[in-house]
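Undergrad: What follows is a structure written as structure tokens; I'll ask about it next.
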Amino acid sequence: MGEGSVNRMYSAIACGVFEEEIERLIPSIPSPNSIRYIDPGLHVDFDQLEEALREALDECQERCVVAFGACHPRMDEILAPYGAVALSCQNCIDALIGREEMERRAELGLYFYLSPGWLKCWRDMFRRLGWGMEEARMELGPFKGAIYLDTLGDAEDRKSDLLEFFDYTLLCFEVVEVDLGHFRSLILDARDRLEV
């Protein structure tokens, strides 16, 4: 919600990959009455993701901000009957660093992005995709490396998890500090669009 907007009740549904970032931002945004986090692993099965989204939307008592990007090919169609509003981004990486920064980095090559939430869920995602170590290394072979988006300023505490990802994928990683300002602005924008 914009700084001068009237506070209205709303709920939020978010991809679990954003949980730590959203919890960090709660003091600086109008707090939703409820937040439901959806399992990030559902992204690998559009039917399961749609089912989980519809179930969560059915349970919302107010208008709803949906902290997802275009993670489902029919996201707008799923949200429309509920008057729910998604973040204005393509995916979670776009939500955290912005489209321009994604495009700038893409000019440097193909990288696999990790955030604190991704660092927690990559094993489950790979399992759901049927990727053992060999499959993951083969699938990620074209990537130049991994970029860890340090949205919480605690990369040093996550070094062992980053090294585990490296051991599994053989992707060297770079840590990039990320301010949550862009992500916060997307949430506030979605909240404002509920008002219209």
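Undergrad: Picking from Cys89, Cys121, which residue would you name as being of a type outside the set (Val, Ile, Thr), under 24 Å from Leu180 (Cβ atoms), assigned by TED's automatic domain parsing to the domain that holds Leu186 and in contact with a helix residue (DSSP H, G or I) (Cβ under 6 Å, 6 or more places away or on another chain)? Lay out the reasoning, then the answer.
TA: Values: Cys121 fails: assigned by TED's automatic domain parsing to the domain that holds Leu186.
So the residue among Cys89, Cys121 that is of a type outside the set (Val, Ile, Thr), under 24 Å from Leu180 (Cβ atoms), assigned by TED's automatic domain parsing to the domain that holds Leu186 and in contact with a helix residue (DSSP H, G or I) (Cβ under 6 Å, 6 or more places away or on another chain) is Cys89.
Undergrad: Also: Look through segment 26-41, keep the residues that are outside any strand (DSSP E or B) and hydrophobic (A, V, I, L, M, F, W, C), and return whichever of them is farthest from the chain's Cα centre (by Cα). Let's see the steps before the verdict.
TA: Just the residues of segment 26-41 that are outside any strand (DSSP E or B), to begin with: 26-34, 39-41.
So of that shortlist, the ones also hydrophobic (A, V, I, L, M, F, W, C) come out as 26, 29.
Values: Ile26: 16, Ile29: 17 Å.
Applying the filter and picking the extreme gives Ile29.
Undergrad: So which of Leu108, Leu149, Leu87, Leu96 ends up being modelled with pLDDT of 95 or more and farther than 30 Å from Met9 by Cβ?
TA: Numbers: Leu108 fails: modelled with pLDDT of 95 or more; Leu87 fails: farther than 30 Å from Met9 by Cβ; Leu96 fails: farther than 30 Å from Met9 by Cβ.
The conditions single out Leu149.
So that you can scan it fast, the table gives a plain yes or no per residue for (1) under 30 Å from Asp47 (Cβ atoms); (2) in contact with a Cys (Cβ under 9 Å, 6 or more places away or on another chain); (3) free of Cβ contacts under 8 Å to residues at least 40 places away in the same chain; (4) assigned by TED's automatic domain parsing to the domain that holds Phe46:
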{"position": "Phe112", "(1), (2), (3), (4)": "yes, no, no, no"}
{"position": "Ile147", "(1), (2), (3), (4)": "no, no, no, no"}
{"position": "Ser160", "(1), (2), (3), (4)": "no, no, yes, no"}
{"position": "Phe165", "(1), (2), (3), (4)": "yes, no, no, no"}
{"position": "Leu170", "(1), (2), (3), (4)": "no, no, yes, no"}
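Undergrad: Here's a follow-up. Among the listed residues Asp58, Asp39, Asp76, identify the single one that is surrounded by fewer than 17 Cβ atoms within 10 Å (Cβ to Cβ) and touching an Asp or Glu at 6+ places or on another chain (Cβ under 9 Å).
TA: Checking each option against the conditions leaves just Asp39.
Undergrad: Which condition number in (1) at pLDDT below 95; (2) more than 30 Å from Leu194 (Cα to Cα); (3) part of a loop (DSSP other than H, G, I, E, B) is the one that Cys71 fails?
TA: Of (1) at pLDDT below 95; (2) more than 30 Å from Leu194 (Cα to Cα); (3) part of a loop (DSSP other than H, G, I, E, B), only one is false for Cys71: (2).
The values are calculated or read from the model by the stated rules, or taken from the named source; none is laboratory data. Small disclaimer: the values here were computed from a predicted structure and weren't measured. Note that each Cβ is placed from the backbone with ideal geometry, even for glycine, and that neighbours are counted across all protein chains shown.
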